[in-house]
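**Q** Dumping the structure here so I can ask a few things about it.
The values are calculated or read from the model by the stated rules, or taken from the named source; none is laboratory data. Every value quoted in this text rests on a predicted model; they were computed, and no experiment measured them. Note that we place each Cβ from the backbone using ideal geometry, even for glycine, and neighbour counts take in every protein chain shown. Surface accessibility is based on the protein's heavy atoms, side chains included, excluding ligands, DNA and RNA. Shrake-Rupley method; radii C 1.70, N 1.55, O 1.52, S 1.80 Å.
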Amino acid sequence: MSLLHLPLPSLVILSVDPLRQQLTRFFTGILKSNTDHTIQGLRLHQSTYLPVHAVRSEDLPLGFEDLQLCMAFSNLRRIELNVECNVDFSDSQVLTLASAWPNLESLLINAEWGWNTTGGITPGGLVELLQICRSLNWIALRLDTRGYADVDAAAVLGLTFPFQISIDVVDASIEAESVPAITAFFCSLCATCSKSGFRLSAWDSGAVLEFPDVSEYTERWEDILDHVNAALCWSPESGDSDVVPSISDTSHPLTLALLPLSTI
C-alpha cells in the first residue's frame with residue numbers, strides 16, 4: 001500500500017493484498033502520528049495493475065470494523081472507497097460512521113465495483129444520514145430495499161439540502177412489490193430540493209453488470225428513474241398546467257400519480 005500526498009490534507013491509498021492488515025496498520029500509524037485531525041479526504045482506490053477479480057472475496061467483505069479507526073478523523077469531508085472487494089455495511093453501521101463526520105460532503109463506497117452483498121442503507125437510514133451530515137451532497141451506497149412496501153412521506157419533511165445533491169444507488173437488488181414505494185420515496189426527496197439540484201442514478205457501473213439477475217433489477221430501477229426524472233422535469237409551463245406530480249395515498253402500495261390541482 002502506498003501513500004500519495006495531495007494539496008489538501010487528503011490521502012490516496014493504492015490497495016494490494018492483503019487489504020485488511022494494511023488498512024489497520026495505515027490508520028493506526030496516522031493515529032499515532034497525531035495528525036488525524038488534519039485529514040479532510042480519504043480515497044481508497046483499486047490499483048489498475050492488479051489482475052481482474054484478484055481480490056474479490058465472498059468470505060471477507062470490507063465492513064465496519066475495517067473503517068472504525070477512521071472515526072477519529074473528525075474533520076473528514078470526503079470519503080471514496082473503490083476496490084474490487086465485496087462490501088457489507090448495515091444501516092446502523094453507516095450511521096455510526098457518519099456520526100463521527102458531521103462535516104462530510106461526499107460518501108462514496110464502491111460505486112464502481114459494487115457491494116455484491118445484501119447489506120446497505122435503508123431508505124429511512126438514508127434520511128437519517130442526510131439529517132446527520134447536513135453538508136452531504138454526493139452519496140454512493142447500496143440501498144437495502146428488502147421488505148420496503150410503504151413510505152412515510154413526512155419523514156423527509158424539514159430536510160434541507162445543499163444546492164445540489166447526487167445519489168448513486170450502487171448494485172441494489174429490488175423486488176417488484178417495492179418499486180412503487182421506492183419511487184414514492186425518491187420523489188419525496190427530490191421535491192424537497194431545487195429541481196436542478198437533484199440527481200439520482202442506479203446500477204451505473206460496468207463492473208456491477210456482471211452480477212446475477214442484473215437485467216431484472218436494472219429494468220426496475222430504470223422504471224423508478226423514469227418516474228423521478230418526470231417529477232424533476234415537471235413545471236406549470238411544461239404543457240400539463242392542470243396537473244402536478246404527486247404521491248397518491250389512495251391505494252396500497254403507494255404509486256406515483258398525476259393529481260388535478262384542485263385536489264392538492
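**Q** Within segment 125-139, which residues are out of contact with any Leu (no Cβ under 6 Å at 6 or more places or on another chain) and open to solvent by 40 Å² or more (accessible area, probe 1.4 Å)?
**A** Gln131, Ile132, Arg134, Ser135, Asn137, Trp138
**Q** Among the numbered criteria (1) part of a loop (DSSP other than H, G, I, E, B); (2) more than 13 Å from Ile224 (Cβ to Cβ), which one does Arg199 miss?
**A** (1)
**Q** Of the residues Leu4, Leu67, Leu81, Leu11, which is open to solvent by less than 30 Å² (accessible area, probe 1.4 Å) and either modelled with pLDDT under 70 or on the phi > 0 side of the Ramachandran plot (or both)?
**A** Being open to solvent by less than 30 Å² (accessible area, probe 1.4 Å) and either modelled with pLDDT under 70 or on the phi > 0 side of the Ramachandran plot (or both) holds for just one of Leu4, Leu67, Leu81, Leu11, which is Leu11.
**Q** Show the residue pairs that are 6+ apart or on different chains and have beta-carbon atoms under 6 Å apart, the first residue being within segment 217-231 and among the hydrophobic types (A, V, I, L, M, F, W, C), the second being not in a helix (DSSP H, G or I).
**A** Every condition considered, the pairs that remain are Trp221/Ala202; Trp221/Trp203; Val228/Leu200; Ala231/Pro245.
**Q** In segment 69-106, what count of residues is obtained for those that are over 17 Å from the mean Cα position of the chain (by Cα) and polar (S, T, N, Q)?
**A** Result for segment 69-106: 2.
**Q** What pairs come out if I take residues in segment 158-174 that are more than 22 Å from Ser215 (Cβ to Cβ) and at pLDDT below 90 and pair them with residues that are in a loop (DSSP other than H, G, I, E, B) and β-branched (Val, Ile, Thr) whose C-beta lies under 7 Å away, six or more apart or interchain?
**A** Leu159/Thr192; Phe161/Thr192
**Q** Which pairs have Cβ atoms under 8 Å, sit 6 or more apart or on different chains, and link a residue in segment 21-42 that is within 20 Å of Pro61 (Cα to Cα) to one that is hydrophobic (A, V, I, L, M, F, W, C) and surrounded by fewer than 12 Cβ atoms within 10 Å (Cβ to Cβ)?
**A** Partner pairs satisfying both residue conditions: Phe26/Leu3.
**Q** Still on this structure: Tell me yes or no: at least one residue of segment 230-251 is under 20 Å from Val127 (Cβ atoms), at pLDDT 75 or above and touching a helix residue (DSSP H, G or I) at 6+ places or on another chain (Cβ under 6 Å).
**A** There is at least one residue in segment 230-251 that is under 20 Å from Val127 (Cβ atoms), at pLDDT 75 or above and touching a helix residue (DSSP H, G or I) at 6+ places or on another chain (Cβ under 6 Å).
**Q** Also, I was wondering about something else. State all residues of segment 96-121 that are of a type in the set (Ser, Thr, Tyr) and open to solvent by less than 60 Å² (accessible area, probe 1.4 Å); if no residue qualifies, say none.
**A** Thr96, Ser106, Thr117
**Q** Consider Arg199 carefully, then state whether it is among the charged types (D, E, K, R), out of contact with any His (no Cβ under 9 Å at 6 or more places or on another chain) and within 21 Å of Thr118 (Cβ to Cβ).
**A** no
**Q** Could you give every pair whose Cβ atoms fall below 7 Å, whose first residue belongs to segment 131-157 and is at pLDDT 90 or above, and whose second residue is open to solvent by less than 40 Å² (accessible area, probe 1.4 Å) and aromatic (Phe, Trp, Tyr), counting only separations of at least 6 or pairs across chains?
**A** Filtered contacts from segment 131-157: Cys133/Trp101; Arg142/Trp115.
**Q** Of the residues in segment 64-105, how many are in contact (Cβ under 8 Å) with a residue 40 or more places away in the chain, assigned to a strand (DSSP E or B) and not aliphatic (A, V, I, L, M)?
**A** 1
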